[in-house]
Amino acid sequence: MRLRGRILIAVPPSQIGNDPESAPMSTHHVSPPAAACPPTLESLQQQIHQRLNEIIAYCLRDTEPPSFLDFETALLGLLRSLGCLLIQLFLHAHHERLDLTTWTQTRGYRVADDDAERTLKTSCGAVTYRRAFLVPRRGGGPGVHPLDVALGLTRDAYTPLVIGWFCRLATRVSFHLASSLGEMFLGAAPPGSAIEEWVLGLARPAYVYLSDGPLPQDDGEVLVIEVDGKAVPTATAHELARRRGPRSRHRRGCDCGCQRHRGRARRKRRGRTPRRKKGDKSKNGRSATLVVMYTLRRGPDGRLHGPCNKKVYGSFGSRKAALNWAREQATRRGFPPKTDKTVQIVFDGEPCLEQQCRALFSGAILTLDIRHAQEKLWEVGRLFHREGSPELAPWVEELEELLYKGHVRTLLRRLEQEWKGVSRRGPGTKQKRQTLKKVIDYLDARVKLMDYGTLRNKDLVIATGVVEGAVRYVVGERLDNSGMRWIEERAEAMLLLRCIEVNGDWEEFLRWSQEQRSQELNRGQVVQIRSKTPTQLPRAA
């Protein structure tokens, strides 16, 4: 059973000048409404050829040439109008070939009396078309549009490609700025609130893709996992209550609807909020755990080269859940538990994190980031030598030399001698002794994690430079900007999509998620990318 339907297109004339002398194509070239003249495949092909000939003629006209800026601006609008006609032709041709037999004879649907009209906003412009609408023969339930199911079109007003553009842009800039940039280059764009809801919806299967997606090829023989964390500003319970509550009324006498006077009287009653003290960088923040996984490959020179096939994963869920993800991915990449291959984990030396890593990665080489140990040595050096003095750097470098050689016990004995040499009496000696004791205890508890001499001989990693850079770029540059306050679940959605984009998997992820939505559409489900409900944070089992 095949069904013929009517399709119409609305070509935006905003890109075409109103002056018939200067405009390459006036507004009367726009296709007439479908209700007045339903196009056929033949008429659409004629319109496309006519439009293309007019564009060619405009490029070859012998009148006084405009500036290249004017020419390229007009040409872009004409190409968009031609693109809209081609999209119209594509939809019409597929609707003509649409076979409804499976739906009507085996799936219990019948064809509705009237076609359903829809306006779809594409990369070229808005296209309005009609397509068949099927309803269940018995009982209730949602109807289906077989053409949309066949093409993988959801209930969103925009095409999956356009939604992917704006979501990808939102992983780098704010939602409002993504909308402004889209309007700048496309001529029209959805509001920032719609882009945010697209991000929430598109991120729902993101964790599944990061966990079960395609594996990198040609991995190295050494697996390195770096773990770090960063807190981003999150909204407090009081802020959320204010945000979700009714808006405060303006000051009496202000009827302009502006933002200046909103809440001014309330702030005055509440009193001035005390400023934070100098140096106080505390903030209400939820920490995100970032895991960077890559391999090292031994080259012809006998040294390990990399990182190879680097993948970044971040989550605001529990740290154990992030480490479980790392454990699963290590197994998928050919480094199962009790493997004979080398697995190294570099982290900040937190005892709780060390215990979890030893439980999940038995036999792995756990390494304290050498920068953390160096910071402790500089902290001790400033106790004995003034900052910027010529004696400070040589004093610390001598201790760092022991650290790089892996002579941690010798280093500890040196620090203990310094601690014993500090008098128990005298101005400032108490602080010196306390600081030295803390540094000695810190290093002594992590001696097994600081065999840097052996690690350097094996050409392994001794610092978390890769994950430190990922923390600043993946989390900091998008989620920790001035004035931002995130809700944890919404920040999770943004972080997952940003990891996919940074990993270079965005196009593959869009194709994969489109396949998932197409399967849901084929089952007769109502599918929409846009969502107001964020994904839940992953929890450890």
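The values are calculated or read from the model by the stated rules, or taken from the named source; none is laboratory data. Since we're looking at a predicted model, the values are computed, not measured. So basically every Cβ, Gly included, is an ideal-geometry build from the backbone, and we count neighbours across all protein chains shown. All accessible areas refer to the heavy atoms of the entire protein, side chains included, with ligands and DNA or RNA removed. Shrake-Rupley method; radii C 1.70, N 1.55, O 1.52, S 1.80 Å.
Taking the residues in region 163-199 that are touching a residue at least 60 places away in the same chain (Cβ under 8 Å), open to solvent by 60 Å² or more (accessible area, probe 1.4 Å) and not in a helix (DSSP H, G or I) as candidates, determine which candidate is farthest from residue 532 (Cα to Cα).
Restricting to residues being touching a residue at least 60 places away in the same chain (Cβ under 8 Å), open to solvent by 60 Å² or more (accessible area, probe 1.4 Å) and not in a helix (DSSP H, G or I), the top hit is 188.
Restricting to region 42-62, name every residue that is loosely packed, with under 13 Cβ neighbours inside 10 Å, acidic (Asp, Glu) and assigned to a helix (DSSP H, G or I).
Residue satisfying the conditions is 42 alone.
Out of 467, 380, which single residue is under 25 Å from residue 307 (Cβ atoms), hydrophobic (A, V, I, L, M, F, W, C) and at pLDDT below 95?
467
Listed here are the residues, each with its yes/no results for (1) modelled with pLDDT of 80 or more; (2) basic (Lys, Arg).
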{"residue": "268", "(1), (2)": "no, yes"}
{"residue": "281", "(1), (2)": "no, yes"}
{"residue": "320", "(1), (2)": "yes, yes"}
{"residue": "324", "(1), (2)": "yes, no"}
{"residue": "333", "(1), (2)": "yes, yes"}
{"residue": "336", "(1), (2)": "yes, no"}
{"residue": "346", "(1), (2)": "yes, no"}
{"residue": "351", "(1), (2)": "yes, no"}
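Among (1) without any contact (Cβ under 8 Å) to a residue 40 or more places away in the chain; (2) over 34 Å from the mean Cα position of the chain (by Cα), which single condition is residue 451 missing?
With respect to (1) without any contact (Cβ under 8 Å) to a residue 40 or more places away in the chain; (2) over 34 Å from the mean Cα position of the chain (by Cα), residue 451 is out only on (1).
(1) buried (at least 16 other Cβ atoms within 10 Å of the Cβ); (2) modelled with pLDDT under 50; (3) not charged (D, E, K, R): which one isn't true of residue 78, the others all being true?
Just one mismatch for residue 78, condition (2).
Using beta carbons and a limit of 9 Å, which pairs, at least six apart or on different chains, have the first residue in region 91-117 and touching a residue at least 60 places away in the same chain (Cβ under 8 Å) and within 12 Å of residue 130 (Cβ to Cβ) and the second one of a type in the set (Phe, Trp, Tyr) and in a helix (DSSP H, G or I)?
Correct list of pairs: empty, since none qualify.
For region 99-109, does any single residue satisfy the condition of being in contact with a helix residue (DSSP H, G or I) (Cβ under 9 Å, 6 or more places away or on another chain), open to solvent by 30 Å² or more (accessible area, probe 1.4 Å), under 17 Å from residue 154 (Cα atoms) and at pLDDT below 90?
no
With the checklist (1) farther than 27 Å from residue 490 by Cα; (2) touching a strand residue (DSSP E or B) at 6+ places or on another chain (Cβ under 8 Å) in hand, flag the one item residue 150 doesn't pass.
(2)
Quickly run through region 63-114 and pick out the residues that are among the charged types (D, E, K, R) and assigned to a strand (DSSP E or B).
99, 110 - these are the residues of region 63-114 that are among the charged types (D, E, K, R) and assigned to a strand (DSSP E or B).
Answer yes or no: is there a residue in region 459-467 that is acidic (Asp, Glu), assigned to a loop (DSSP other than H, G, I, E, B) and more than 14 Å from the chain's Cα centre (by Cα).
Taking every residue of region 459-467 in turn, at least one turns out to be acidic (Asp, Glu), assigned to a loop (DSSP other than H, G, I, E, B) and more than 14 Å from the chain's Cα centre (by Cα).
Could you grab me the full set of residues in region 481-505 that are surrounded by fewer than 16 Cβ atoms within 10 Å (Cβ to Cβ) and within 30 Å of residue 299 (Cβ to Cβ)?
504 - this is the single residue of region 481-505 that is surrounded by fewer than 16 Cβ atoms within 10 Å (Cβ to Cβ) and within 30 Å of residue 299 (Cβ to Cβ).
Can you tell which of 536, 434 is loosely packed, with under 14 Cβ neighbours inside 10 Å and closer than 20 Å to residue 198 by Cα? Steps first, please.
Values: 434 fails: closer than 20 Å to residue 198 by Cα.
None of the other options fit; the residue is 536.
Which residues, taken from region 367-426, are within 30 Å of residue 459 (Cα to Cα), outside any helix (DSSP H, G or I) and open to solvent by 50 Å² or more (accessible area, probe 1.4 Å)?
If the condition is that a residue be within 30 Å of residue 459 (Cα to Cα), outside any helix (DSSP H, G or I) and open to solvent by 50 Å² or more (accessible area, probe 1.4 Å), then 407 is the only one that fits.
Exactly one condition in (1) open to solvent by 10 Å² or more (accessible area, probe 1.4 Å); (2) within 30 Å of residue 192 (Cβ to Cβ); (3) assigned to a helix (DSSP H, G or I); (4) charged (D, E, K, R) is not met by residue 478; state its number.
Only one criterion in (1) open to solvent by 10 Å² or more (accessible area, probe 1.4 Å); (2) within 30 Å of residue 192 (Cβ to Cβ); (3) assigned to a helix (DSSP H, G or I); (4) charged (D, E, K, R) is unmet by residue 478, namely (1).
So residue 473 ticks every box in (1) within 15 Å of the chain's Cα centre (by Cα); (2) of a type outside the set (A, V, I, L, M, F, W, C); (3) more than 30 Å from residue 235 (Cβ to Cβ) but one. Which box is left unticked?
Condition (3) is where residue 473 drops out.
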